[in-house]
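I have placed the structure first, in the form of C-alpha cells, so that the comments after it can refer back to it.
The values are calculated or read from the model by the stated rules, or taken from the named source; none is laboratory data. If you're wondering where the values come from, they're calculated on a predicted model, not measured in any experiment. Every residue, glycine as well, gets a Cβ built from its backbone with ideal geometry; the counts of neighbours run over all protein chains shown.
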Amino acid sequence: MWAYESVFYQIYSLGFCGAPFENDGQLQHRITKINNWIPHIKKVGANAIYFSPLFESDTHGYNTRDYKKIDVRLGDNEDFKNLCVNLHNNNIKVVIDGVFNHVGRGFEPFRDVCKNRENSPYLNWFHIDLNGNSNYNDGLWYEGWEGNYDLVKLNLQNNEVVEYLFDAIRYWIQKFDIDGIRLDVAYCLDFDFLRRLRQLVDSLKPDFFLVGEMLHGDYNQRMNDEMLNSATNYECYKGLYSSFNSMNMFEINHSLLRQFGPEQWTLYRGKHLLSFVDNHNVTRVASILTHKKHLPLIYALMFGMPGIPCIYYGSEWGATANKSEGDPVLRPSFDEPVYNGLTEFISKLSKAKINSPQLNYGDFTSVLLTNKQCIFRRSFEGENVYVCINADEYDFNANFELKNIQVTDLISGDIIDIGNEFNMPAYSAYFLNN
C-alpha cells in the first residue's frame, strides 16, 4: 500500500488557516493558503497530507454540522476540490479526518430531535432519554462523548446512521478523489461499523487508507484485514520523548521489541502504525524535550523505527507550544514556512525513508543498547539498514556486528569505512545501509 512508503504531513486546517474558533457563518476562502505551502511540503519530503477536520462544524472541527460541506470558515467545496487536484498533481496523497463517533449540537438531525422530540424521524440516531435533561437544558438527556455534551454521540448500530455516513464517504471519494480517512476516536467505534466501512472503501478505491486514532489497549482489535489498515502509535510517542528526557534508551527499545520484535508474541510485527513525535493534541516536541540537541535525534529515531512517520506542521522547524496553555496554542497560523537546519535534516530523513524498502518494510532487531545509545537493524529482502543513535554529549565507539566494511549513510549520502568499531560523534544519527 502507498501509505506504507509515505511520509505524512499533518495540518490542523482551522488553526493553520487562521479561522475564528466560533463558526461565524462567514464564507472565507482561507484554505487556498495551503496551495502556497505545497513547495515547502515537498521540500520537507512529505508525500501525503493528513487534514484534521474540514467539515462544517460548531467550533473546533470535531463537532460536525454537515458531513458534505467544507467548513465555511475555510472556504467552499470547490476550493477543496482545487486543492486536492493541486496536491495530486504534485504526487501528494490526501487523507481527511472522519469524525463518525459524534456530531455537534448544530447537526441538523439533532436539532430536529430537540425541536420535535418523539415525533422526530431522527430520534434513534442518538442515545436519547426524553425523560431527562442535558447540561444545555434541552428538556431531554443525550449521551455525549466521554461526558462532553458539545459532542453528541451517534448511534452507529442504527443502519440509517451508518448509511448516512457512508453516503458522505462516497461523496468525498468520488468527487474529491481522497486517498484515505483518519478515524477520530477509533477506539470507540463499533466493530461492525468498521467492517462495513472497510468493505465500502475497498469497493470504491483500491489502496484506500484507513488509519484509526488509538490510544491504549491492543490495536489489533481494530487494525486487521477486516477493519483498519493502521493505527496511531501512542505507546511509542510517549516512549520516544521519555527515552531522551530520562536518558534511558531502554524504554523506547522495550516498546519497539514489544510491538515489532522477533518473538512470537510480538504484537504488531508486519503492521504499519502511524508514528509521530507530536500532533494537534499534545505539547510540541521542541517544548517537551529537555535538551534541544536531541530534537534532530528524536526525528531520526521516529523515521528509523517501523511505522509511517507523520510531521505536525511547524514542528519541522522547531516551533514550540505547551498543551498546558490550551489547545489553540498548539494549532497556530504561521504566515509562511521556515526552512532551517532541522527542516533540512528532516527532509533527508524523509528521502531516506521513502526510498528504502528496509525502512518501509523491514523487521526490527535490537543490536546495541545502552542508556544513551541505541542501534537496531531493519532487514528486508537480504539487505539491512542499521539505525544508530548517540544521544550522549560525548563520542561513542560502537562495537557491533558491522566490522571492516564499507557502508552508505542514507541520511547524509556519505560512504563510511567501518573498522573494528564505528565512531559516533556526540548527538549523532545514522542510517547505515549494507
When you go through Lys403, Lys353, Lys348, Lys372 one by one, which is the residue that is closer than 16 Å to Asn253 by Cβ and among the charged types (D, E, K, R)?
Lys372
Hey, among Gln259, Gln264, which residue is surrounded by 20 or more Cβ atoms within 10 Å (Cβ to Cβ) and among the polar types (S, T, N, Q)?
Gln259
Would you point out which residue out of Phe176, Phe208, Phe244, Phe193 is of a type in the set (Phe, Trp, Tyr) and touching a Lys or Arg at 6+ places or on another chain (Cβ under 8 Å)?
Phe176
Go through region 321-434 and tell me which strands (runs of 3 or more DSSP E), entirely inside it, have 3 or more residues that are buried (at least 19 other Cβ atoms within 10 Å of the Cβ) and at negative phi.
373-380, 383-390, 428-433
With a cut-off of at least 2 residues that are without any contact (Cβ under 8 Å) to a residue 40 or more places away in the chain, name the strands (runs of 3 or more DSSP E) lying wholly within region 1-80.
64-70
Within region 303-317, is even one residue assigned by TED's automatic domain parsing to the domain that holds Trp37 and acidic (Asp, Glu)?
yes
By residue number, the members of region 294-331 that are over 29 Å from Tyr4 (Cα atoms) and touching a residue at least 60 places away in the same chain (Cβ under 8 Å) are Asp327, Pro328
Within region 222-256, which residues are touching a Ser or Thr at 6+ places or on another chain (Cβ under 6 Å), farther than 23 Å from Phe8 by Cα and not polar (S, T, N, Q)?
Met249, Glu251
Subset of region 109-133 [within 35 Å of the chain's Cα centre (by Cα), assigned to a loop (DSSP other than H, G, I, E, B) and crowded, with 18+ Cβ neighbours inside 10 Å]:
Tyr122
Failed condition for Gln174, given (1) touching a residue at least 24 places away in the same chain (Cβ under 8 Å); (2) under 25 Å from the mean Cα position of the chain (by Cα); (3) farther than 21 Å from Leu54 by Cα; (4) exposed (fewer than 14 other Cβ atoms within 10 Å of the Cβ), with all others met?
(3)
Of the conditions (1) surrounded by fewer than 24 Cβ atoms within 10 Å (Cβ to Cβ); (2) touching a Phe, Trp or Tyr at 6+ places or on another chain (Cβ under 7 Å); (3) in contact (Cβ under 8 Å) with a residue 40 or more places away in the chain, the single one that Ala231 does not satisfy is (1)
